[in-house]
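> Provided herewith is a single structure, encoded as structure tokens, for subsequent inquiry.
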């Protein structure tokens with residue numbers, strides 16, 4: 001176990017860079033902060049490169065034998081972490097963004113709020129969906145704010161990031177998926193035609209909705225009813241309502 005007390009240590013500089021998208025892309029890693037996220041990372045199929053532990057709190061955490069552990073001074077760990085009050089442990093984890101999708105998945109078309117992206121991932125995990133597809137215009141799925149919003153679901157949901165979302169969805173449709181576009185001019189959601197055993201629900205950008213190129217791939221175009229005075233719903237809330245109702249077709 002290596003002990004690190006200096007902020008000038010090259011490893012510390014690299015770990016600090018994981019707060020930024022540029023640093024994550026250059027290293028291929030992200031930082032999972034806190035006990036829950038570190039434990040989820042160790043139990044997942046993700047590759048954990050290192051565990052960073054407050055040297056004064058080493059006895060609080062069961063430490064694995066197969067992952068390098070670094071004992072950091074409290075001020076060093078605080079500088080590495082994004083949270084104001086670190087929980088004494090963080091994991092450096094390799095990113096995975098090319099997983100195969102299951103039968104029931106969600107696609108995010110330019111969803112830019114990290115909290116929305118993370119909440120959708122968490123809700124999809126809870127509802128029993130089997131994958132998340134993200135366009136490159138989405139908020140970074142491995143940013144600290146997105147990760148916190150997933151509450152660990154990032155380690156259970158297969159993820160795919162694509163620079164060609166219309167092409168990806170066209171391929172799914174050609175392989176028997178229903179492609180469901182949520183849009184204001186769609187048919188009433190609760191009166192939709194059956195979607196079958198394989199589907200992909202598309203959630204669009206918070207301000208502009210789903211792009212025309214992505215809409216063109218849809219087999220189903222739907223909208224949630226707005227019986228009150230609100231004109232629209234938060235993207236993550238709308239996604240949660242539709243995901244759970246779509247999954248009822250399996251019950």
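The values are calculated or read from the model by the stated rules, or taken from the named source; none is laboratory data. Just so it is clear, the structure is predicted and the values come from calculations on it, not from any experiment. Backbone-built Cβ (ideal geometry, glycine too); neighbour counts: all protein chains shown.
> For segment 205-220, state whether one or more residues are surrounded by fewer than 19 Cβ atoms within 10 Å (Cβ to Cβ), assigned to a loop (DSSP other than H, G, I, E, B), in contact (Cβ under 8 Å) with a residue 60 or more places away in the chain and touching a helix residue (DSSP H, G or I) at 6+ places or on another chain (Cβ under 7 Å).
yes
> Any residue at all in segment 101-122 that is outside the structural domain of residue 208 (by TED's automatic domain parsing) and on the phi > 0 side of the Ramachandran plot?
no
> Across segment 83-99, which residue is farthest from residue 6 (Cα to Cα) among those that are surrounded by 15 or more Cβ atoms within 10 Å (Cβ to Cβ) and more than 17 Å from the chain's Cα centre (by Cα)?
In this case the residue turns out to be 87.
> So residue 238 passes all but one of these: (1) in a strand (DSSP E or B); (2) under 20 Å from residue 116 (Cα atoms). Which condition number does it fail?
(1)
> Could you grab me the full set of residues in segment 193-204 that are surrounded by 18 or more Cβ atoms within 10 Å (Cβ to Cβ) and over 24 Å from the mean Cα position of the chain (by Cα)?
Of everything in segment 193-204, just one residue is surrounded by 18 or more Cβ atoms within 10 Å (Cβ to Cβ) and over 24 Å from the mean Cα position of the chain (by Cα), namely 195.
> Is it the case that some residue within segment 140-149 is more than 30 Å from residue 86 (Cα to Cα), crowded, with 18+ Cβ neighbours inside 10 Å and over 9 Å from the mean Cα position of the chain (by Cα)?
No.
> Surrounded by 12 or more Cβ atoms within 10 Å (Cβ to Cβ) and part of a strand (DSSP E or B), is that true of residue 187?
yes
> If you don't mind, there's one more thing I want to ask. Kindly evaluate residue 165 against the criterion of being closer than 19 Å to residue 241 by Cα, surrounded by 20 or more Cβ atoms within 10 Å (Cβ to Cβ) and modelled with pLDDT of 95 or more.
no
> Taking residue 86 as the residue in question, decide whether it is modelled with pLDDT under 95 and in contact with a helix residue (DSSP H, G or I) (Cβ under 7 Å, 6 or more places away or on another chain).
Here the answer is yes, as residue 86 does meet what is asked.
> May I ask you to list the residues in segment 48-68 that are at pLDDT 95 or above and either part of a loop (DSSP other than H, G, I, E, B) or under 26 Å from the mean Cα position of the chain (by Cα) (or both)?
48, 49, 50, 51, 52, 53, 67, 68
> Still on this structure: Of everything in segment 22-40, what is in contact with a strand residue (DSSP E or B) (Cβ under 7 Å, 6 or more places away or on another chain) and surrounded by fewer than 18 Cβ atoms within 10 Å (Cβ to Cβ)? Give them in sequence order.
Residues satisfying the conditions are 28, 35.
> Further, regarding this structure: When you go through 230, 236 one by one, which is the residue that is surrounded by 13 or more Cβ atoms within 10 Å (Cβ to Cβ), on the phi < 0 side of the Ramachandran plot and assigned by TED's automatic domain parsing to the domain that holds residue 177?
Result of the check over 230, 236: 236.
> Sticking with this one: Can you name the residue in segment 10-26 that is more than 19 Å from residue 145 (Cα to Cα) and free of Cβ contacts under 8 Å to residues at least 24 places away in the same chain and is also nearest to the chain's Cα centre (by Cα) among such residues?
Filtering segment 10-26 for residues that are more than 19 Å from residue 145 (Cα to Cα) and free of Cβ contacts under 8 Å to residues at least 24 places away in the same chain, the one nearest to the chain's Cα centre (by Cα) comes out as 26.
> In addition: Hey, does segment 92-114 have a residue that's assigned to a loop (DSSP other than H, G, I, E, B), touching a residue at least 60 places away in the same chain (Cβ under 8 Å) and out of contact with any strand residue (DSSP E or B) (no Cβ under 9 Å at 6 or more places or on another chain)?
The answer is yes; a qualifying residue exists.
> Hey, among the residues in segment 41-56 that are without any contact (Cβ under 8 Å) to a residue 40 or more places away in the chain and crowded, with 16+ Cβ neighbours inside 10 Å, which one's nearest to residue 150 (Cα to Cα)?
Looking at the filtered set, the residue picked out is 53.
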